[in-house]
Amino acid sequence: MADKENFDNEFDFGMDTKEKEKVTTPKMFKVLLHNDDYTTMEFVVEILVSIFHKTEEEATQIMLDVHRKGRGLVGVFTYDIAVTKANQVHQEARKRDFPLKCTVESE
């Protein structure tokens, strides 16, 4: 069996060491829910559980933040995931005729 050094050399695909070290972490984005006078608290909790995979307790706490403070942080994600989740929130809200607003902000 080949040792690790031979394996790495065999499969370096022509990349030099400097290129291998230039891995950067992606920029992260906050997903926020905003309070309104029409969307029910129950629906907000439902969205937080179904789309953001929060527990009932976590979802209730976030919903209360949204209700009391005007908006609440749902999570921090890479851009593509944050935008996808915000779009899912808007789609589900429109299906139920709620004006729930979900925004994405740079961290």
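Once R0 is set to 30 Å, what does the formula 1/(1 + (r/R0)^6) return for the Cβ-Cβ distance between D37 and T60, expressed as a FRET efficiency to the nearest 0.05? Intermediate values should be presented prior to the final figure.
Working: r = 20 Å, r/R0 = 0.66.
Calculated value: 0.95.
So which lysines can K22 reach, going by Cα to Cα under 23 Å and dropping same-chain residues fewer than 8 places off?
K4
Since every read-out is calculated from the coordinates, none of them should be taken as a lab result. Here the structure is a predicted model, which is why all the values come from computation and not from measurement. Cβ: placed from backbone, ideal geometry, glycine included. Neighbour counts: every protein chain shown.
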